[in-house]
Amino acid sequence: MRTHNNTVLITGGSAGIGLALARALAAEGNKVIITGRDADRLEQAAAAVPGLIPIVSDVTRHQSVKQMVQTLKQEHPELNMLINNAGRASAYRLSDHAQAFDKAADEMLTNYLAIIQLTELLLPQLRLQEEAAIINVSSVTALVPSVALPTYAASKAALHSYTQALRLSVSPVRVFELMPPLVNTALSREIGGENGIPPEQVAAEFMSALANDEYEIHVGDTQKVFQLVRSASPAQAAQTFNARSL
């Protein structure tokens with residue numbers, strides 16, 4: 001997949017991994033559109049990275065998504081890359097008073113169901129392009145369960161399975177999965193995100209994998225976890241991954 005002269009939509013593009021991806025793609029001469037719910041944060045991101053195009057939209061609200069898709073068709077008909085990056089995470093441990101249902105419903109809507117909706121609505125536009133790609137940002141927790149992020153991990157596991165099915169279904173549109181480990185962002189602050197890798201590392205490894213058509217991108221320590229899952233039993237891999245949390 002080419003890394004320049006694309007028109008890219010990044011959901012959740014105003015901060016963290018999304019903004020790092022936007023900055024890296026813009027530096028390569030791509031037109032980059034970022035979307036999110038907070039107009040002020042989008043404008044701040046656009047001011048920080050000249051050339052970014054902000055669109056206020058909430059991926060969890062059907063009417064908002066439909067309106068954005070219509071805007072993209074009218075104003076950016078050449079759109080050929082979708083990066084599903086917007087996400088929600090709740091850090092807690094499962095128990096009889098964790099209110100897991102409410103947390104899981106929020107995470108599943110943002111991290112999984114909203115991606116299915118937006119992808120389906122934009123596929124006709126992507127299919128019109130000579131070269132097109134969909135990138136779903138999942139997580140190392142798509143490979144192993146997490147005690148600290150139990151239902152977030154479940155939502156990313158669902159996204160991982162969906163991404164694999166999508167890859168087999170929509171060719172010649174390329175389908176990538178970006179799988180970061182712990183990343184130092186505002187989203188990860190409550191689970192020790194300051195110990196994670198910088199989002200710029202995620203963006204750099206993504207750009208390299210994109211150029212080489214590496215469809216499942218194991219960033220940083222995710223590669224170690226992936227190898228552990230393959231070489232050990234799933235139970236042993238989960239125990240090792242969660243050792244600090246148990």
Sequence-distant lysines (8 or more away, or on other chains) whose Cα lies within less than 26 Å of Lys103: Lys66, Lys156
Fraction in percent of alpha-carbon pairs per bin - 5 Å, region 1-121: 2, 11, 21, 21, 18, 12, 6, 4, 3, 1, 0
About the Cα centre, charge dipole magnitude for the chain (Lys/Arg +1, Asp/Glu -1 at Cβ), debye: 280 debye
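For the chain, which span is the longest to avoid every loop-located (per DSSP) member of trypsin sites (Lys or Arg not before Pro) having at most 15 other Cβ atoms inside 10 Å?
Details: sites that count: Arg2, Arg61, Arg93, Arg244.
With a cap of 15 other Cβ atoms within 10 Å, the longest stretch comes to 94-243.
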Whichever lysines have a C-alpha closer than 20 Å to that of Lys31, once near sequence neighbours (fewer than 8 apart) are set aside: Lys73
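Counting only protein heavy atoms and a 1.4 Å probe, tell me what percentage of region 22-171's accessible area is made up of carbon and sulfur.
On the way: 3650 of 7010 Å².
Carbon and sulfur atoms account for 52 percent of the accessible area of region 22-171.
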Label-to-label distance, nm, for residues given as Lys224 and Arg61 (7 Å Cα→Cβ offset): 4.2 nm
Percentage relative contact order, the chain, counting C-alpha pairs under 8 Å, at least six apart: 19 percent
Per residue value of the accessible surface for region 178-229 (all protein chains in place, 1.4 Å probe), Å²: 49 Å²
Loop GluC sites (Glu not before Pro), region 1-104, which have at most 14 other Cβ atoms in a 10 Å radius of their Cβ (DSSP): Glu78
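Go through region 89-165 and name the GluC sites (Glu not before Pro) that are in a DSSP coil and have 14 or fewer other Cβ atoms within 10 Å of their Cβ.
Values: sites: Glu107, Glu120, Glu130, Glu131; in loops: Glu130, Glu131.
Hits after loop and neighbour filter: Glu130, Glu131.
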Rg to Rh quotient for the chain, alpha carbon positions, Kirkwood Rh: 0.95
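The values are calculated or read from the model by the stated rules, or taken from the named source; none is laboratory data. On a predicted model such as this, the values are computed, not experimentally measured, just so you know. Backbone-built Cβ (ideal geometry, glycine too); neighbour counts: all protein chains shown. Ligands, DNA and RNA are excluded from the accessible area calculation, which covers all protein heavy atoms including side chains. Shrake-Rupley method; radii C 1.70, N 1.55, O 1.52, S 1.80 Å.
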